[in-house]
1. Might you let me know whether the stretch 178-195 holds any residue that is over 22 Å from K68 (Cα atoms) and part of a strand (DSSP E or B)?
2. If we scan the stretch 142-157, do we find a residue that is loosely packed, with under 13 Cβ neighbours inside 10 Å and closer than 29 Å to K84 by Cβ?
3. Of the residues P164, P175, which single one is farther than 23 Å from E83 by Cα and either at pLDDT below 95 or out of contact with any Ser or Thr (no Cβ under 6 Å at 6 or more places or on another chain) (or both)?
4. Evaluate the stretch 87-105: report whether one residue or more is under 28 Å from R204 (Cβ atoms), at pLDDT 95 or above and aromatic (F, W, Y).
5. Restricting the search to the stretch 68-94, which residues are free of Cβ contacts under 8 Å to residues at least 24 places away in the same chain and within 18 Å of L133 (Cβ to Cβ)?
6. Where in the stretch 49-110 are there strands (runs of 3 or more DSSP E), lying fully within it, with 2 or more residues that are in contact with a Pro (Cβ under 7 Å, 6 or more places away or on another chain) and under 16 Å from G149 (Cα atoms)?
7. If you take the residues of the stretch 174-195 that are surrounded by fewer than 17 Cβ atoms within 10 Å (Cβ to Cβ) and hydrophobic (A, V, I, L, M, F, W, C), which of them is nearest to P164 (Cα to Cα)?
8. Among the residues of the stretch 65-89, write down those that are surrounded by 15 or more Cβ atoms within 10 Å (Cβ to Cβ), touching a Leu at 6+ places or on another chain (Cβ under 9 Å) and over 13 Å from L183 (Cβ atoms).
Amino acid sequence: MLFNPKKEIKIFSVIFLASTALVYFILNGGAYSQILKYKLFSSYAEAGSDNKMISGLDEKNYYLYIPKIEVLAPAISFENTSEKNVLAVLEKGVGLYAGSQLPGEAGRAVILGHSSKETWYHRDGRYSYNFALLDKLQNGDEIYVVFEGKKLTYKVFSNDILTPEKTNEILSQEPKGDSEIALITCWPIGFSLKRVLVQAELVRVEKIK
C-alpha cells in the first residue's frame with residue numbers, strides 16, 4: 001500500500017477538527033443550553049425579584065441576583081489580581097474586582113464572571129456559566145446585589161461588546177452616576193477575544209423583609 005501524504009494530512013485534519021469541536025462543546029455545552037433555554041422559554045426572562053429566594057442568603061456575604069438571566073451567585077472579593085487568585089474566586093461565584101468600589105458605595109463596583117467552563121475547573125461547574133446570557137440584558141433591566149439584609153437595585157443603562165482595551169478604557173473613566181456596577185465576561189462563548197460590558201446605576205436600596 002503506497003503512502004499518500006495528501007490523504008494522510010486530510011484524514012489527520014478531519015480528526016483534529018472533530019476532536020477540537022467535541023472538546024469545545026463538552027466544555028461549553030452548559031452555556032449553550034442556557035442560551036437555548038432562554039430562546040425557547042422567554043417567559044422566565046420576565047421574572048421579577050423574588051424576595052423569598054434572597055431573604056435566606058448569608059447576610060455576611062454579597063450576592064449577585066439577576067432574575068432575567070437566572071443568576072444567583074456569591075460575589076467574592078479578590079484578595080489580589082493574580083491569575084491563580086482570580087480563577088480560584090470564579091470557581092466559587094463571581095468576583096468583586098480588587099481596587100473597585102464595593103456595591104452601594106460611591107463610584108463603580110466591577111464584577112467578573114464566567115460565560116463558559118474552563119479546562120482547569122475543579123468543582124462541579126455550578127458557576128461556570130454565570131454570565132453566559134449577560135449580553136441579553138437590555139437598558140432598563142434590573143440587577144440586584146444583596147448584602148446584610150438589604151437589596152440594592154441597579155438599572156442597566158448600557159450593554160456593549162468591546163475589545164479588552166476599550167473595556168479597560170471605559171472602566172478607567174469616572175462613572176456618570178453616584179454609584180454604579182459593571183459586569184464583565186468574555187465573548188464569544190469559549191473565547192476571550194472581546195468582552196461583554198454591562199453597566200448599571202444604583203436606583204434603590206431597601207430592606208429585605
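1. Yes, some residue in the stretch 178-195 is over 22 Å from K68 (Cα atoms) and part of a strand (DSSP E or B).
2. No; the residues of the stretch 142-157 include none that is loosely packed, with under 13 Cβ neighbours inside 10 Å and closer than 29 Å to K84 by Cβ.
3. On the way: P164 fails: farther than 23 Å from E83 by Cα.
None of the others qualify; the one that does is P175.
4. no
5. Within the stretch 68-94, L72 is the sole residue that qualifies.
6. Numbers: elements: 62-66, 71-77, 94-96.
Per the criteria, 62-66.
7. Ranking the candidates gives L193 first.
8. Those that are surrounded by 15 or more Cβ atoms within 10 Å (Cβ to Cβ), touching a Leu at 6+ places or on another chain (Cβ under 9 Å) and over 13 Å from L183 (Cβ atoms): E70, L72, P74, I76, F78, V86, V89.
The values are calculated or read from the model by the stated rules, or taken from the named source; none is laboratory data. Note that the coordinates shown come from a computational prediction; the quantities given were computed from them, not determined experimentally. Counting neighbours? That spans all protein chains shown, and the Cβs are built from the backbone with ideal geometry, glycine included.
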